[in-house]
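I have placed the structure first, in the form of structure tokens, so that the comments after it can refer back to it.
The values are calculated or read from the model by the stated rules, or taken from the named source; none is laboratory data. All figures in this text were calculated on a predicted structure; none of them were measured in a lab. As a convention, Cβ positions derive from the backbone with ideal geometry for all residues, glycine included, and neighbour counts pool all protein chains shown. Surface accessibility is based on the protein's heavy atoms, side chains included, excluding ligands, DNA and RNA. Shrake-Rupley method; radii C 1.70, N 1.55, O 1.52, S 1.80 Å.
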Amino acid sequence: MKSLYTEWLKLKHTPIQFLILITPFIYAALLVLYARIRQASSISEQFTFQLFFEGAAVLVIPVAVAILAGLIIYQEELAGSFNGFLNSSKPRYQLFLRKISWMTLIIAYEIYMSTLLFGVGLSLFTTVALPWRILWVSATLIFVATLPLIELQTWLSFGWGVGASIGAGVVGVLFAGIVGGTGIGDAFWQFIPPAWPIRLVKTYELMYYLGDEAPLELLQNQFNLGLIAIMASLLILAIGASVWFTQWEGRQHYE
């Protein structure tokens, strides 16, 4: 816990700290405002669900994780060209995993806080309300599916910089929308990490809203396949990145 507090202090008096705190409020407020405007045209509960969770899974998560990872690692770079990492007496893999833990905590805050604010906002300012059960389950699915992206983007940011991380995030939006959000990726979406948040949340959405009409066996298989892919990638990325980081001596222009 002390190490995570140290990470937070590194961001003190920087725009990154402010952005981390304010982003869930902005995202939730904009979508609640949109839902309030649209309620005059009989906005549905399912459409409201898609507006928040599918929008987050396709458009927000890939870019947000990329920018956050890139900026946090760039902040470390500015503090002394990674000398704090390279000269630390602690094992390199521990330092890398600390960054992963810090990123995970931030993303958890972003997802769950925006979900809470969205649910409360709908209840107070619109005639549409989503059950808290579907809100929390969907938020958790997106969070779990985002964990491999956190590892991947942190690795990219250390190895190739903020530009590579953000570039991967932009490409991730395309993969999430095309592979995860359409039938084009039905045969291979489980190999595309940016597609996992939208696939899991869409599968749960169909199971919840279609009820007895849902092809439960097919959806359950898709759901299980996604969870297996996520767990396997978490292990592979953690091992691979830790081994790589143990040998890392900084970027080439610092050597």
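How high is the FRET efficiency between Leu33 and Val171 when r is their beta carbon distance and R₀ equals 35 Å, given to the nearest 0.05?
Numbers: r = 30 Å, r/R0 = 0.86.
Efficiency for this residue pair is about 0.70.
Leaving out ligands and nucleic acids, and using a 1.4 Å probe, what accessible area per residue does the chain come to in Å²?
Using a 1.4 Å probe on heavy atoms only, each residue of the chain averages 49 Å².
For region 9-39 and region 150-195, write down the distance between their C-alpha centroids in whole Å.
23 Å
What distance in nm lies between label points placed 7 Å from Cα along the C-beta direction at Tyr93 and Phe188?
It works out to 3.2 nm between the two label points.
What residue among Ala176, Leu31, Pro197 has its Cα farthest toward the positive end of the dipole of the chain, where the charges are +1 on Lys, Arg and -1 on Asp, Glu, each on the Cβ?
Going by the Cα projections, it comes out as Leu31.
If I compute solvent accessible area with a 1.4 Å probe over the protein chains, what percent of it on the chain is carbon and sulfur?
Looking at the chain in its full context, I get 69 percent from C and S.
How far is helix 15-38 tilted off the main Cα axis of the chain, in degrees rounded to 10, range 0 to 90?
10 degrees
If you compute percent of Cα pairs over 25 Å apart for the structure shown, which of [x] 46; [y] 41; [z] 55 do you land on?
Here percent of Cα pairs over 25 Å apart agrees with entry [x].
Measure nothing but the geometry: give the 0 to 90° angle between the long axis through the Cα atoms of 196-210 and the longest principal axis through the Cα atoms of the chain, rounded to 10°.
Approximately 20 degrees, to the nearest ten.
Once R0 is set to 30 Å, what does the formula 1/(1 + (r/R0)^6) return for the Cβ-Cβ distance between Tyr208 and Thr14, expressed as a FRET efficiency to the nearest 0.05? Working shown, then result.
Working: r = 40 Å, r/R0 = 1.34.
About 0.15, to the nearest 0.05.
Could you give the angle, 0 to 90 degrees to the nearest 10, between helix 92-125's Cα long axis and the longest principal axis of the Cα atoms of the chain?
With rounding to tens, the tilt is 30 degrees.
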